[in-house]
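Nothing in this text is a laboratory measurement; each read-out follows from the coordinates by a stated rule. Note that the structure is a prediction, hence the values are computed from the model and not measured. Here Cβ is always computed from backbone atoms with ideal geometry, including for glycine, and neighbour counts include all displayed protein chains.
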Amino acid sequence: MTLDEQPRTGGEPSRKGFFTDTSVCIGCKACEVACKEWNAVPEDGLDFTAMSYDNSGGLGADTWRHVAFIEQRQPLGGQETGVGRTTTTVDLGMPLPRPPGADTGPEERGEFRWLMSSDVCKHCTSAACLDVCPTGALFRTEFDTVVVQQDICNGCGYCVPACPYGVIDKREGDGRAWKCTMCYDRLGAGMEPACAKACPTDSIQYGDLDELRQRADARVERLQEAGITSARLYGRDPHDGVDGTGAFFLLLDEPEVYGLPPDPVVTTRDLASMWRHAGVAAAALLAGVALAFAGRRR
Amino acid sequence: MSTSDVTKDGITGARPDRDALTGATRPGRRRRRRGEQLMVPDAEFGSYYGKPVLNQVPWAESDIAGYLFLGGLAGASSGLAAGAHVTGRPALATAMKLTALAAISGSVVALVHDLGRPARFVNMLRVFKPTSPMSVGSWLLAGYGPLAGAAAISDLTGLLPRAGTAATLAAALGGAAVAAYTAPLICDTAVPAWHDGYREMPFVFVGSAAAAAGGAGMLAAPMAQALSARRAAVAGAVLETLALYRMRARMGLAAQTYDRGRAGRLMKAATTLTVAGATGAVLLGGRSRLAAALSGAALLAGSACTRFGVFCAGTASAADPKYTVVPQRARLRARAGDLADREEPADTVRGN
């Protein structure tokens, strides 16, 4: 039985999550800053990567929100961010900025688009980091998020290679493993996580996972209808390799373009088979040693 | 990153599909047949500026690869010690018990040293989690270490001989578990070169452990008592070599990491040393004390090279997004291919 199927008893909070809609991300990095401020995450390097406006590179011990910038020279045309908005505007007769090619058709549009996406810990339903943690420092909260207890973690580092997304990492100088907590302290007080609070375009949405999934389904459908057929949800499927993620995404390209694994699988899915193989190997070792002593004494 | 750039040397990074219409891609509509093996992977694969998907394994090579070697050596040595103890080969038994104690002591030092917070090493025994091979291993070591120590001390001092025998036999059982569990330890990760070899890795490791322990026996025990050590060493070397061959053949793309760079050199050295040591053990191990010692040393070195090579292959496979993305993409395609076969013919447009 997966987390989603477990019946909730009274008083237990529902599963919380993030829906990051990258189609409206403007790359402002307010989420990165808010996360650092709230969680007192140390500095993670002040240099640009020289590849784009990305200056944090990827998720790690000191980067819990990471805004990816992808420049693509592709004849996309403009991204219409107002898709699905129902509010009507009043025409004041002011000259309006028009996207390039809006009047002349796609052939005049720039061969260029920017994809921006704020990456974060996925808070997997089947979380490898949690499974492999030998101390019990990593645990699942009442919100079904995955959090490291820093007073327990002894810095063995096993969670780092276990994570199929490259999220959690050991902090230099500190020695312990750190990652997004989905602002566990704020959640307990009924507040939304700092990144979602700071996001000016609601690209990062926080809430009950059930509701976020419905919202995301509607959003991707509307984008598809509007002709943005590359829009897809990532981590939404409760039957994927990690049984769905608590933080899922709407992407405009294949996941690997954003640095995400296209088909991640929780490594412990194969653990029973690993133990069986190891058991056979251990038995073979004992049998082999016994055989080595068999026969004539010498 | 799917962009091209104009440089002094011309246009670089241009993708063959750069004129494709964005959004025209639908997964599973590519021309790839179901069941097609991705032996020669796509030269093109999507990535974020070529940056790795996984975070790099934070373990120090000397600590953890060293532990893989020492743990295996200790575990298999305890097996040989028990055999020698029971069948009355006291010199071999003593040598193997001391080897096991020394190796497991070194293991524990390496493991504690590798922790980010060494003072908190006892937290390893805070819970027992079968889902964490490291937790299982911690408990195994906590049980096996004292047994190996008791066996060695009883042997050296002659105190409590019955308890010593019991400890020797129990250490043999625990030692086999210690030698084998390190395979799930590294395979239970997202590291492609480790995870994708999880079926064969335990056999590589116990083979390597037996070769090392047998080698140590040949090195330390007089020839008259070392026949069983030679047998174990040769059998271990054969098992290790065959299991490695099979693992690399079955692994898919990540097998490349065992051929290239530092890992490639270590694996080549491992094979050379192991084969040479085993050959020496078979041909000269029973005739010349010097040849036996040299063969034993070669087997020990070969086992160490195997562990360091496996470790390096893992870190190399984690550092390159290719080994994460390409097999996963192939898996998705194979899955989608099952659906597409039932739909209209695949179109050729590929965009992203």
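A few notes on this one:
- Distance between the pseudo-spin-label points of A:Tyr53 and B:Leu160 (7 Å out from Cα toward the beta carbon): 7.0 nm.
- Calculated FRET value between B:Ala60 and A:Ala40, using beta carbons and R₀ = 22 Å, to 0.05: 0.20
- Integer Hz, Karplus 6.51/-1.76/1.60 couplings in order for region B:139-154, x for Gly and Pro: 5, 4, 5, 5, x, 6, x, x, 5, 4, x, 4, 4, 5, 5, 4
- Near B:Met247: Cβ cut-off under 9 Å, other residues only, Lys/Arg at +1 and Asp/Glu at -1. The net charge is +2.
- For region B:137-185, averaging the sequence separation of C-alpha pairs within contact (under 8 Å, six or more residues apart) and dividing by the residue count gives a relative contact order of 47 percent.
- Across region B:61-326, the relative contact order, built from alpha-carbon pairs under 8 Å that are at least six residues apart, equals 21 percent.
- Cβ-based exposure ranking for B:Thr94, B:Thr168, in which fewest neighbours within 10 Å come first: B:Thr94, B:Thr168
- Charge tally in the Cβ shell below 13 Å around B:Ala232, where Lys, Arg are +1 and Asp, Glu are -1, B:Ala232 excluded: +2
- Extending 7 Å from Cα along the Cβ direction at A:Thr141 and again at B:Ile153 yields two label points whose distance is 4.7 nm.
- 27 Å Cα-Cα threshold exceeded, pairs from A:Lys36/A:Lys170; A:Lys179/B:Lys51; B:Lys51/B:Lys129; A:Lys36/B:Lys129: B:Lys51/B:Lys129; A:Lys36/B:Lys129
- Other protein chain Cβ atoms within 10 Å, averaged over every residue that makes up B:202-212: 4
- FRET efficiency for A:Leu291 and B:Leu332, using Cβ-Cβ distance with R0 set to 45 Å, rounded to 0.05: 0.45
- An oblate overall shape is assigned to region B:61-326, the ratio a/c of its alpha-carbon gyration tensor axes (a ≥ b ≥ c) being 1.5 or greater and a/b not exceeding b/c.
- Sites B:Ala91 and B:Arg117, calculated FRET efficiency, Cβ-Cβ separation with R0 51 Å, nearest 0.05: 0.75
- Sorting B:Glu240, A:Glu225 by the number of Cβ atoms found within 10 Å of their own Cβ, with the fewest placed first, yields A:Glu225, B:Glu240.
- Total formal charge among the other residues, if their Cβ is under 10 angstrom from that of A:Ala34, Lys/Arg +1 and Asp/Glu -1: +2
- Subtracting the Cα-Cα distance of B:Phe128 and B:Arg262 from 0.36 nm times their residue separation leaves 44.6 nm of extension gain.
- Shown for A:His239, B:His195: other C-beta atoms within 10 Å of each C-beta, ranked fewest to most, produce the order A:His239, B:His195.
- Computed extension length for A:Ala218-A:Ala189: 7.5 nm, one decimal, from 0.36 nm per residue of separation with the Cα-Cα distance subtracted.
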